[in-house]
Amino acid sequence: WDALRKAHPNFVIPEDRDSWLRMVAEETNKDGLDGCLPDRAAAIARLLKEHQIDHVHSLGVGSAGLEYQLKKCLPQLHLTVSEYAPENVKVLQELFDEIRRFDLFGDEWGEFSNQPNQVILLNRLDPLFSNQQWTDAFDKMGRAGVIHVLYIPAWILTVRAFLQAQRRHLNFRLSNTPSVFTGWARTRRVQERFWSTHYDHTEHALAGLSGFLLTKRA
């Protein structure tokens, strides 16, 4: 990711705050930024208010576009963000107020233990890790006492989505267009298994994506 952030125009993050603010405010299709972000943030804000959540910690924020829009919706929200790639953390530290390096699979979840007014936000991270890795991550959260998680998958695999992906792959092959593996897509049922040991969930429409609000069982 550090290499992509420096080399690929789709992932480069501006290193000055004014340029970053212009980037995340624009309706651009870059690194998860799109015209749906303001509406998605507004839907998340309504969900947080409904559940009386006023603290959010967002993991793997990338360019932090959703977090920027969420803060615009809820200026009083206590929002912290984290990334794992060291260079990306350094860049974002110049742009965002509270950012740190955090390992999803580490053992630091205890600091988020037993906080009913806080949610851990996992936005579009699902393709990056295997089924076992996700199961392990939710197991760590559950055992540590994390009460709320908002999990927003980038993809929910359906028959239609599978056929569309196969068609794109065939077109790439026929046109000799190089392609690379960019992550996993899973059905709703498979994803629900990741957290089923520790959490109940409700599903919510979030401006073109589905979000799963997880609540730890008593």
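Quick look at the values:
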read-out	value
Members of the range 131-173 found to be of a type in the set (Ser, Thr, Tyr) and at pLDDT 95 or above, listed by number	THR135, TYR151
Those residues of the range 35-85 which are among the acidic types (Asp, Glu) and at pLDDT 95 or above, in sequence order	GLU50, ASP54
Test set (1) of a type in the set (D, E, K, R); (2) crowded, with 16+ Cβ neighbours inside 10 Å; (3) without any contact (Cβ under 8 Å) to a residue 12 or more places away in the chain - ARG160 fails condition number	(2)
Test result for GLY106, open to solvent by less than 50 Å² (accessible area, probe 1.4 Å), part of a helix (DSSP H, G or I) and not hydrophobic (A, V, I, L, M, F, W, C)	no
Subset tally (residues that are of a type in the set (A, V, I, L, M, F, W, C), in contact (Cβ under 8 Å) with a residue 40 or more places away in the chain and either outside any strand (DSSP E or B) or in contact with a Pro (Cβ under 6 Å, 6 or more places away or on another chain) (or both)) for the range 166-218	6
Of residues in the range 193-218 being within 16 Å of the chain's Cα centre (by Cα), open to solvent by 50 Å² or more (accessible area, probe 1.4 Å) and at pLDDT 95 or above, the one farthest from ASN131 (Cα to Cα)	ALA205
Filter result for LEU79 (of a type in the set (A, V, I, L, M, F, W, C) and farther than 24 Å from THR182 by Cβ)	yes
Tally of residues being part of a helix (DSSP H, G or I) and surrounded by fewer than 17 Cβ atoms within 10 Å (Cβ to Cβ) across the range 125-143	9
Test: residue in the range 110-124 that is under 26 Å from ALA207 (Cα atoms), open to solvent by less than 80 Å² (accessible area, probe 1.4 Å) and of a type in the set (D, E, K, R)	no
From LEU122, LEU157, residue being part of a loop (DSSP other than H, G, I, E, B), closer than 24 Å to ALA43 by Cα and either out of contact with any strand residue (DSSP E or B) (no Cβ under 6 Å at 6 or more places or on another chain) or of a type outside the set (D, E, K, R) (or both)	LEU157
Index of the failed condition, ASP139 passing every other in (1) without any contact (Cβ under 8 Å) to a residue 24 or more places away in the chain; (2) among the acidic types (Asp, Glu); (3) in contact with a Ser or Thr (Cβ under 8 Å, 6 or more places away or on another chain)	(1)
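The values are calculated or read from the model by the stated rules, or taken from the named source; none is laboratory data. Keep in mind the model is a prediction, meaning the values are calculated, not measured. Quick reminder, even Gly has a Cβ in these numbers, built from the backbone with ideal geometry, and neighbours come from all protein chains shown. Each accessible area value is taken on the protein alone, full model and side chains, heavy atoms only, with ligands, DNA and RNA left out. Shrake-Rupley method; radii C 1.70, N 1.55, O 1.52, S 1.80 Å.
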